[in-house]
Amino acid sequence: MKDITRRGLILGGAALATGPFMPSADAATGSIAIRIVSAGFIFGATGGSGLLTFRGRQYPLSIGGISAGATIGASGADLVGTAYHLLSPADIEGIYSAIGAGLAVAGGRTAARLSNARGVVLSLRGRQVGFMFSLDLSGMSISLRG
């Protein structure tokens with residue numbers, strides 16, 4: 001009997017501990033398109049805009065906070081993808097960090113998987129044009145415009 005109670009406590013505790021990390025059954029996905037532009041020499045400026053399509057409506061986005069590392073040159077990236085675990089359009093807002101390997105660049109093609117504190121996961125792919133020593137999407141900030 002003690003073993004059954006102990007197992008029940010362990011399994012119940014594990015379920016409670018992992019519950020907040022599980023997406024809600026009401027969570028939905030949306031599509032996202034982002035344009036990022038960076039330029040500079042040593043110090044750079046980076047920004048962009050985007051569009052979230054969620055439940056049949058479109059929401060304009062502002063992009064900021066992207067680290068350009070040792071910035072030398074000019075670059076642009078057009079990224080498209082999916083936003084997972086959205087309960088409302090406002091969930092897209094926040095600062096994103098890389099999941100796993102983060103940004104991969106091969107032959108001008110870019111792929112990234114990012115998440116924010118609200119549990120939203122962005123899976124992005126696209127093409128980078130121009131020359132930039134480094135374009136790191138970690139720390140990217142997304143906010144709804146207007």
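The values are calculated or read from the model by the stated rules, or taken from the named source; none is laboratory data. Since the structure is predicted, the reported quantities are computational estimates derived from the model, not experimental observations. For neighbour counting, all protein chains shown are included, and Cβ atoms are generated from backbone atoms with ideal geometry for every residue, glycine included. These accessible areas exclude ligands, DNA and RNA; they are computed on the full protein's heavy atoms, side chains included. Shrake-Rupley method; radii C 1.70, N 1.55, O 1.52, S 1.80 Å.
Data overview
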item: Every pair of residues 6+ apart whose Cβ atoms lie under 9 Å, when the first sits in the stretch 29-41 and is free of Cβ contacts under 8 Å to residues at least 60 places away in the same chain and under 13 Å from Asp91 (Cα atoms) while the second is in a strand (DSSP E or B) and aliphatic (A, V, I, L, M); result: Thr29/Ala83; Thr29/Leu86
item: Residue in the stretch 67-77 that is in contact with a Leu (Cβ under 9 Å, 6 or more places away or on another chain), open to solvent by 30 Å² or more (accessible area, probe 1.4 Å) and at pLDDT 95 or above present; result: no
item: Yes/no for Ala90 being loosely packed, with under 15 Cβ neighbours inside 10 Å, at pLDDT 95 or above and at negative phi; result: yes
item: Criterion (touching a Ser or Thr at 6+ places or on another chain (Cβ under 7 Å) and at pLDDT 95 or above) met by exactly one of Leu103, Leu61, Leu52; result: Leu61
